[in-house]
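*Asks:* After the structure tokens below, expect a handful of questions from me.
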Amino acid sequence: MGKNSKDKRDMYYRKAKEQGFRARSAFKLLQLNDDFHFLDDPNLKRVVDLCAAPGSWSQVLSQKLFDGKTAEEIKDRKIVAVDLQPMSPINHVTTLQADITHPKTLKRILDLFGNEKADFVCSDGAPDVTGLHDLDEYVQQQLIMSALQLTACILKKGGIFVAKIFRGRDIDMLYSQLGYLFDKVVCAKPKSSRGTSLEAFIVCIGYNPPSDWVSTLDVNSSVEEFFSGCHMSKLSIHDKLPSWQEDERTIAKFMSCGNLESFDSDATYHLDDFKEDLNTSLDPVQSPTNPPYKKALELKRSGKLTRAV
Amino acid sequence: MKELAHYGPSLCVKFFKDFVVAGYGPFVQIYDYHNGKLLNKCRVFRKNKVHGLSINESGQLLAYGARSVTIVKFDHLITQVSLVDNEKMTTEWITSGEFNYRGDQVYLLTCYNKVFVCDLTGEILSRKTLQGERSILYSGSIKEFSPEKVYISAGTVMGGVLIWDLFLETKLYNLVGHEGSIFYATISDNGRYITSCSDDRSIKLWNLQTGEELCTGWGHTARIWNLKFFNNDTQLISVSEDNTCRVWDILQDEGNGNTSLTLSQIYEVHLIKNVWGVDIQEKDMVAVTSGNDGRLKLTKIQDTKTMNAQEVSFSLEDISTHSVIKFSKGEIIKGFQKFEFGLIAITSLGKIIQYFECDNLWKLLLVSENLVSYSVTHGIMEHNIVTFSNNKSDALLLKLSQDGRDIIAKKFMHLDELSKTNNCLVTKFDATTLMLTLESPNPRDKFICLQFDLETLSLKKKFAFAKPENFASSCLEVFENYILVGSRFSSIAIFDTLNIEHPAYMIRRISAGDTTTNIKFVETKGHTHLFSVTNRDGFYNFVALSYQNQTHQIIHSNNIVKGFLEGAYFNDNGEYITYGFKSNLFYIYNETNCYEIASQVCGGGHRQWKLTTLPDGGYMLVYIKAARLYMRKIPQSLFPQTLEEGMHGREIRDITILKDKRYHDDGFIFCTASEDTTIKVCHFNESTGKVTNHWTERKHVSGLQRCKFINGKYMISSSAREELFLWEINDDYKLHPFITIRQTLPASSDNPDLRIMDFDAIFLEHSDNFIISTVYSDSSVKLWYYNTDENKFHLLVKGRYQTCCILNTALIIFHDKLYLLIATTTGYLVTYDVTDHIPFGINETKNKLIDNKLETCCVDLPASSLSLRVHQSGIKAIDVFKDEHNDSFKIYSCGDDNAMAITLFKFDEMKRELNNTIVSSEPNSAASTVTSCNVFDNGRKLLSTSVDQVVKVWDVSNNHLTLQEEKYTTIADTGASDTVSGRDDSTLFLIGGIGFSVWKTD
């Protein structure tokens, strides 16, 4: 399969290359914004992008918050992108290579914001998928909860939190938990996210934690402990392992994002569906990453991993 | 509704005494591994899957999975159906759990690297953690060396393995060296080693005393999920995403003291992809593995010593040293035949030599000048007969005494009528005779078949048949009075011994074109005889032959996974066993249930070889490699090969039941279409839900989208790469249903890159001809006519909706019109009136089309007559129900937007047009994507499945969606379902995703 056939099969891949985005996921944030307009708010100042590498969401944030804006509009605007992996620089974005669960990271961001709270926090992070659906969904939810911990310490009241989710068997549990912290929780599926994928995004609007709850990041306390006391009853610690009980579950409103004219990520396009010439092949923007199994691939290529002993 | 049976991923498995204990979804299943019997299936969790097990000596079992944990008595587990009342919850995902040595406490390691020490009632006695390290774990294990010394091995997502002391809560090491997440880490019993595996596909061994990395093992081609030390910590067994389990030897170099990990055995144990669990019973050296395919596989772990004892090999030099036989320089073995006493071989100088297995001795039997340089060797093992032929039209037959010591009959023949011979085949003909065929390269020469007495070797009869064109004999089968000879170019010639003058009945080009390697009689039905025919190119076919009518039909066709196919047969369980070569291996494979029985490195095809079934059920493979003669015994396994057969290793995308009739009067045939690119043909028992696998069809090269029986004999499947196949099923025979491809839908380009998302068919009256609508990922809509007699698809209508992908289609006859419906990724239901675009009339009462004998031609898709947005995003499935008074029809739909809807279509008599309206919709019908819906109970009920793993039944009798019943399913990625009416007004549901289950309504 050549470069072009992937372009035909996946218009967003093609578009990302054309527009200089590091990954096609940039369109997911753009399409979420088309419906929610959270990035079009003139009062939006401080923004945090968690699990940001390779940086396509930060690119969108930078574009939306700075491109073509007046000096007045961009006054006090600040984007901080955090990831454990290093990231190449993006205009108007301060990148931090740091652990989102660590209190030090929180302090660094707050320092960058001059101790002001953030207006918007987003995370497009996803763990390695093992194929064990329950584990993969759990780890993804833990990742969201970790992002949410930091968010709870940094987001202003009324702020917005957006994160990637997998809509599996326990997604309604997550919706229910988020309901304790935000006024409104929507499950949004941008058109650029494939229909065959379990991926979607939670858009949590109006950060509104319980008034009696104090959030403190501590490296030795678990996510469960962090959120205990915030009406997330299941997260409290018992002295005796409790018997099984059904978790609280709620279904969040579903919203398809991106207008009908947006490309369909499940469709195969024809060359003549567009004015532009699909035959011009574009090189990928991001050079391929180094997978952990790089050496195994090399051994396989050189015929060293064969069936015979 | 209740679940009758469930097949799906098994994540953990353990030996305990004479039992195999497996976590199977939310159940613990216990088997007697000696006879393979399932002793009990006990539900331990309500929703969570059992991810891990630990059993202590006093018969307590600890099971954990996700946040659930339970401690139960083994005695209860083996007798009770459910122990869910005992299920306890923790606050975090449990990564590992073990009993302490005394058996009165358990350690539970969570994914946040915390350990709860609990008593057996679940009371937390203490909580331990490693301060300052809060990485999430994918894996970990607990090793108790003494009540005071417990070590935790924790595999982080950042490539490090943390080894820490539980009670001191101190870190011993952070072992760094792997790339990517650590998927398993464990400590050896003797306290010397730690072993770990990661996303980098390697296994590392570390010194527990020093923390230094000792060595790395490479071999797995995908991620490794589990590791276990065995054989006094001198060996490791690993299981992986690559479907294999591998045995590694931990070797210590006595010179420099270096340790190495050497791969010693590879077993292909599961279907793509993922082997999750492994354990070893060292007493019998048998491993049990559990996989995503739901299979529980037992594998005898061969140690080098036993392996060596089961193989003997000789060069002519060796034979010479161990006997008085002398060989000349350049003399080689030309052929051999296995016998119970040993073996008979012939050399290039015509020396016929004999091997006696019991005393490991070689003896010269005789020397034949006639058999110098070229010879072909065959024989009949059970009658101690060996046959030789040369290229000068000679044949020599020898019969030996039972012990092989004496020649008790001998027959030499020369055939004057053949100018030259180049091939000879032998088989037993009837109770008292054998048939030997001789063939000359001269096309004008006759094909000679000689019938000899099995006792005296006297010639009973000679048949000289006219040789068909393009014929070169390759294999032989006899049946009644017929001789079936396989040939090159995938052909078979059938000769009638009662009618020698009759030209051979030829079956040509059965598959692509290589040599027919094996023909086996299967069964007879009426005047039709069924034969299994294998082809070297990897295809196997079942040919139904009616010699009387001089007709035949290929009723089954399939190809093996990989490699050359040399033969196949049905074993006593009715399982189809295939054998042949792949790369440098000889394999024996259970094709019915898709697992390797044995494999032997032999250098690959292109060599002299013979496979013999031994009286005890084992095999003997004799082959020549680098001028050495090898005799490899493959013993019959002392245990069953599997405890659970399992199904697909990846997602089931669609299910279709053959509803027209029951199979074997106790259930139904069904097909499953999977992401793994195969279609399985199975049947289920309607009272127990038990699934029996019949075939795994491998014609598709891409992940399946749909499969659907369109009548009692045709099934259609579609997938990416624009593949759509029309299959014909045949369930006339006792042994198995058979299925073969009748026709392939033409693709729109030479390099098809479209997915055929769905199709629907309507038949013409009084025929098996039908029209079919197909919808594509590029928004194309096509309508075809299939004519059975011509066996051809004709394109009738083509067009494109817009540019979005179309997910579903239906053809509906309503008010003397034919409507083509499509459902899109944008959530629209779009209706086309194609009545005037097809060359057929409409018989509404019969719901069929009328053949008006008009010409077929291709026209453009008309403009849509109705378009209605029913869902916010992709419509995942639709079902159609037409009410009995024909006033309306309904489309039930479900979507990615968590919603379900009923759209009512009515015909406006005034305006003479169709209109539609959404009469009921349920936006939050599930917490996530609703993936399938099936209307049943004569339109009164609707079944739905969704990715949140809830199966729902809705009452839709008054055009309104009213939830009637819901139940959790353990099948993840729930995505396919079909229903069929059972006995006593019940309905049976088949539900698929990652796993498969059979449900029944009350």
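*Asks:* Work out the length of the dipole vector of chain B about its Cα centre, built from +1 on the beta-carbon of each Lys and Arg and -1 on the beta-carbon of each Asp and Glu, and round it to the nearest 20 debye. Before the final figure, lay out the partial values.
*Replies:* Numbers: 102 positive and 120 negative charges, 310 e Å.
Magnitude of the dipole: close to 1480 debye.
*Asks:* Something else about it: Projecting each Cα onto the charge dipole of the protein assembly as shown (Lys/Arg +1, Asp/Glu -1 at the beta carbon, about the Cα centre), which of A:P190, B:N423, B:Y801 comes out farthest on the positive side?
*Replies:* So the residue we want is B:N423.
*Asks:* Considering only C-alpha atoms, what is the centroid distance from the stretch B:34-62 to the stretch B:701-731, in Å?
*Replies:* Cα centroid to Cα centroid, the span is 39 Å.
*Asks:* Taking the Cβ-Cβ separation of B:R444 and B:Q802 as r and a Förster radius of 41 Å, what is the calculated FRET efficiency to the nearest 0.05?
*Replies:* On the way: r = 67 Å, r/R0 = 1.63.
Here the calculated transfer efficiency is 0.05.
*Asks:* With θ set to phi - 60° and the Karplus curve 6.51 cos²θ - 1.76 cosθ + 1.60, what are the ³J(HN,Hα) couplings of the stretch B:792-799 in order, to the nearest whole Hz, using x for Gly and Pro?
*Replies:* So the Karplus estimates, Gly and Pro as x, are 9, 9, 10, 6, 9, 9, 9, x Hz.
*Asks:* Next up: Sticking with the crude label model, points 7 Å out along Cα→Cβ, report the distance from B:H414 to B:I78 in nm, one decimal please.
*Replies:* About 7.3 nm separates the two model spin labels.
*Asks:* Would you tell me the accessible area of B:F412, worked out with a 1.4 angstrom probe on the heavy atoms of the protein chains, in Å² to the nearest 10?
*Replies:* 100
*Asks:* Answer with one residue from B:N256, B:V115, A:A52: the one whose Cα lies farthest towards the positive end of the charge dipole of the protein assembly as shown, charges on Cβ with Lys, Arg +1 and Asp, Glu -1.
*Replies:* Farthest towards the positive end: B:N256.
*Asks:* Give me the Å³ per residue figure for the convex hull around the C-alpha atoms of the protein assembly as shown. It would help to have the intermediate numbers written out before the result.
*Replies:* Numbers: hull volume 265.2 nm³, N = 1311.
Spread over its residues, the Cα hull of the protein assembly as shown gives 202 Å³ apiece.
*Asks:* When Rg is the radius of gyration of the Cα atoms in chain B and Rh is its Kirkwood radius, what does Rg/Rh come to? Show your work: numbers first, answer last.
*Replies:* On the way: Rg = 32.7 Å, Rh = 32.1 Å.
Taking Rh as the inverse mean 1/r over Cα pairs, Rg/Rh reads 1.02.
*Asks:* Over the Cα atoms, compute the radius of gyration (one decimal) and Dmax (the largest Cα-Cα distance, rounded to a whole number) for the stretch B:755-869, in Å.
*Replies:* Here Rg and the maximum Cα pair distance are 13.5, 41 Å.
*Asks:* How much of the DSSP beta bridge set in the protein assembly as shown is antiparallel, as a percent to the nearest 5? All intermediate terms of the calculation are to be shown ahead of the outcome.
*Replies:* Values: 383 of 411 bridges.
The antiparallel fraction comes to roughly 95 percent.
*Asks:* A:L305's amide H: which non-local residues (gap 5+, or another chain) put their own amide H closer than 5 Å, with H modeled 1.01 Å from N in plane and none for Pro or chain starts?
*Replies:* Long-range HN contacts for A:L305: A:K300.
*Asks:* Then there is this: When the solvent-accessible surface of protein heavy atoms is calculated with a 1.4 angstrom probe, in what order do B:E575, A:E298 fall, highest first? Write down the numbers at each step before the final one.
*Replies:* Details: B:E575 20, A:E298 95 Å².
From most accessible down to least: A:E298, B:E575.
*Asks:* Per the helix-only calculation at 222 nm, which mean residue ellipticity applies to chain B, given -39500 (n - 2.57) for every DSSP H run of n ≥ 4 and division by its residues, nearest 500 deg cm²/dmol? The partial results should precede the final answer.
*Replies:* Details: 3 runs with 16 residues, N = 1002.
After summing the helix terms and dividing by residue count, I get -500 deg cm²/dmol.
*Asks:* Across peptide B:216-227, what mean number of C-beta atoms from other chains lies inside 10 Å of a residue's C-beta?
*Replies:* Details: counts 1, 0, 6, 7, 3, 8, 2, 6, 0, 3, 0, 0.
Shielding by partners across B:216-227 averages 3.
*Asks:* Which whole-number percent gives the relative contact order of the stretch B:73-230, counting Cα pairs below 8 Å spaced six or more residues apart?
*Replies:* Values: 369 pairs, mean separation 19.9, N = 158.
13 percent.
*Asks:* Sticking with this structure for a sec: Work out the mean other chain Cβ neighbour count within 10 Å for the residues of B:581-588 and drop it here as an integer.
*Replies:* Details: counts 0, 1, 3, 3, 2, 0, 0, 0.
What the average comes to for B:581-588 is 1.
*Asks:* Now for a separate question. When you count, for each residue, the other Cβ atoms within 10 Å and take the mean per peptide, how do B:744-753, B:960-969 rank with the highest first? Don't jump to the answer; show the numbers that get you there.
*Replies:* Values: B:744-753: 13.2, B:960-969: 15.2.
Top to bottom by mean Cβ count within 10 Å: B:960-969, B:744-753.
*Asks:* To the nearest 20 debye, what is the magnitude of the charge dipole of the stretch B:755-869 about its Cα centre, counting +1 on the Cβ of each Lys and Arg and -1 on the Cβ of each Asp and Glu? Mind dumping the intermediate values first?
*Replies:* Values: 10 positive and 14 negative charges, 77 e Å.
Here the size comes out at about 380 debye.
*Asks:* If one takes the accessible area of chain A alone plus chain B alone and subtracts that of the pair, with a 1.4 Å probe, what total in Å², rounded to the nearest 100, results? Before the final figure, lay out each step's value.
*Replies:* Working: alone 16910 and 39480 Å², together 49530 Å².
Answer for the A-B pair: about 6900 Å² buried.
*Asks:* Shifting gears a bit: Report B:F684's accessible area, 1.4 Å probe, all protein chains in place, as a number in Å² to the nearest 10.
*Replies:* 0
*Asks:* Based solely on C-alpha atoms, express the radius of gyration and the Dmax of the stretch A:3-301 in angstrom.
*Replies:* For the stretch A:3-301, the Cα radius of gyration and maximum Cα-Cα distance read 20.1, 67 Å.
*Asks:* What number in nm² do you get for the stretch B:193-330 if you take the convex hull of its Cα atoms and divide its surface by four? Let's see the in-between values first.
*Replies:* Details: hull surface 50.4 nm².
Spelled out: convex hull of the Cα atoms, projected over all directions, averaged, 12.6 nm².
*Asks:* Next question, about the same structure. Can you spot the aspartates and glutamates whose alpha carbon is less than 15 Å from A:K28's alpha carbon? Ignore those fewer than 8 places along the same chain.
*Replies:* A:D10, A:D49, A:D124, A:E199, A:E261, A:D264, A:D266
*Asks:* Follow-up. Which order do B:R650, A:R46, A:R14 take by accessible area at a 1.4 Å probe, largest first?
*Replies:* Values: B:R650 70, A:R46 40, A:R14 10 Å².
Reading off the accessible areas and sorting them downward yields B:R650, A:R46, A:R14.
*Asks:* Between the alpha-carbon centers of the stretch B:67-108 and the stretch B:853-881, tell me the distance in whole angstrom.
*Replies:* Each part's Cα centre sits 54 Å from the other's.
*Asks:* Which distance in Å, rounded to a whole number, links the C-alpha centroids of the stretch B:900-950 and the stretch B:395-431?
*Replies:* Each part reduced to its Cα centre gives a spacing of 73 Å.
*Asks:* Please list, or write none, the lysines whose alpha carbon is within less than 23 Å of the alpha carbon of B:K326, excluding same-chain residues fewer than 8 places away.
*Replies:* Counting by Cα, and skipping residues close in sequence, B:K326 has these lysines nearby: B:K334, B:K338, B:K351, B:K363, B:K625.
*Asks:* Let me ask you something else. Hey, got the dipole for the protein assembly as shown? About the Cα centre, +1 on K and R Cβ, -1 on D and E Cβ, debye to the nearest 20?
*Replies:* Numbers: 143 positive and 163 negative charges, 464 e Å.
It comes to approximately 2220 debye.
*Asks:* On to the next question. Along the principal axes of its C-alpha atoms, what lengths does the stretch B:508-657 span, in descending order and rounded to whole Å?
*Replies:* If we take the Cα atoms of the stretch B:508-657, the spans are 49, 37, 30 Å.
*Asks:* Here's something else I'd like to know. Could you give each residue of the stretch B:75-80 its phi-based ³J(HN,Hα) in whole Hz, using Karplus coefficients 6.51, -1.76, 1.60 with θ = phi - 60°, and x for Gly or Pro?
*Replies:* 4, 6, 4, 8, 10, 9
*Asks:* List the residues whose amide H sits under 5 Å from the amide H of B:L454, counting only those 5 or more places along or on another chain, with H placed 1.01 Å from N in the peptide plane.
*Replies:* Those lying under 5 Å, H to H, from B:L454 are B:T433, B:L434.
*Asks:* Sticking with this structure for a sec: With every protein chain left in place and a probe of 1.4 Å, what is the accessible surface of B:Y619, to the nearest 10 Å²?
*Replies:* Near enough 20 Å² of accessible area.
*Asks:* Here's another thing I want to ask about it. Give the average, rounded to an integer, of partner chain Cβ atoms located within 10 angstrom of each Cβ in B:754-763.
*Replies:* On the way: counts 4, 4, 0, 1, 0, 0, 0, 0, 0, 0.
Mean partner-chain Cβ count within 10 Å for B:754-763: 1.
*Asks:* Can you give the calculated 222 nm mean residue ellipticity of chain A, where each DSSP H run of n ≥ 4 adds -39,500 (n - 2.57) and the sum is split over every residue, rounded to the nearest 500 deg cm²/dmol? Mind dumping the intermediate values first?
*Replies:* Values: 9 runs with 91 residues, N = 309.
So the helix-based figure for chain A works out to -8500 deg cm²/dmol.
*Asks:* Testing the spin-label approximation: label points 7 Å from Cα along Cα→Cβ at B:N571 and B:T788. State their distance in nm.
*Replies:* Each label point lies 7 Å from its Cα, and together they span 3.8 nm.
*Asks:* Another question, then. Largest first and to the nearest Å, give the Cα extent of the stretch B:255-350 along each principal axis.
*Replies:* Projected onto the principal axes, the Cα atoms of the stretch B:255-350 cover 55, 42, 27 Å.
*Asks:* For the stretch B:954-963, take each phi angle, set θ = phi - 60°, evaluate the Karplus expression 6.51 cos²θ - 1.76 cosθ + 1.60, and give the result in whole Hz per residue in order, putting x for glycine and proline.
*Replies:* Going residue by residue, I get 10, 8, 10, 4, 10, 6, 9, 7, 10, 5 Hz, with x marking Gly and Pro.
*Asks:* Also: List the residues, sorted by chain then number, that are 5 or more residues from B:I577 or on another chain and whose placed amide H is less than 5 Å from its amide H.
*Replies:* B:Y569, B:F570, B:N571, B:E591
*Asks:* Ok, one more. Between B:V324 and B:R405, take the C-beta separation as r, use R0 = 25 Å, and let me know the FRET efficiency to the nearest 0.05.
*Replies:* 0.95
*Asks:* Need the list of lysines near B:K17 for cross-linking: C-alpha distance under 23 angstrom, and skip anything on the same chain fewer than eight residues off.
*Replies:* Cross-link targets: B:K37, B:K41, B:K73, B:K143, B:K228, B:K283, B:K297, B:K300.
*Asks:* Output the antiparallel fraction of DSSP beta bridges having both residues in the stretch A:3-301, as a percent to the nearest 5.
*Replies:* Working: 12 of 36 bridges.
Percentage antiparallel, nearest 5: 35.
*Asks:* Something else now. For B:K734 and B:D660 in one chain, what is 0.36 nm times their gap in residues minus the Cα-Cα distance, to one decimal in nm? Could you put the intermediate results ahead of the total?
*Replies:* Numbers: separation 74, 0.36 × 74 = 26.64 nm, distance 1.79 nm.
Fully extending the segment from B:K734 to B:D660 adds 24.9 nm.
*Asks:* On to the next question. In this model, which of B:K699/B:K952; B:K690/B:K890; A:K164/B:K1000; B:K14/B:K876; B:K782/B:K848 are farther than 31 Å apart at the alpha-carbon?
*Replies:* On the way: B:K699/B:K952 34 Å; B:K690/B:K890 34 Å; A:K164/B:K1000 37 Å; B:K14/B:K876 40 Å; B:K782/B:K848 19 Å.
From B:K699/B:K952; B:K690/B:K890; A:K164/B:K1000; B:K14/B:K876; B:K782/B:K848, over 31 Å: B:K699/B:K952; B:K690/B:K890; A:K164/B:K1000; B:K14/B:K876.
The values are calculated or read from the model by the stated rules, or taken from the named source; none is laboratory data. Just so you know, these numbers come straight off a predicted model, no measurement behind them. Every residue, glycine among them, receives a Cβ derived from its backbone with ideal geometry; neighbour counts consider all protein chains shown. Keep in mind that these areas ignore ligands, DNA and RNA; they rest on the heavy atoms of the full protein, side chains included. Shrake-Rupley method; radii C 1.70, N 1.55, O 1.52, S 1.80 Å.
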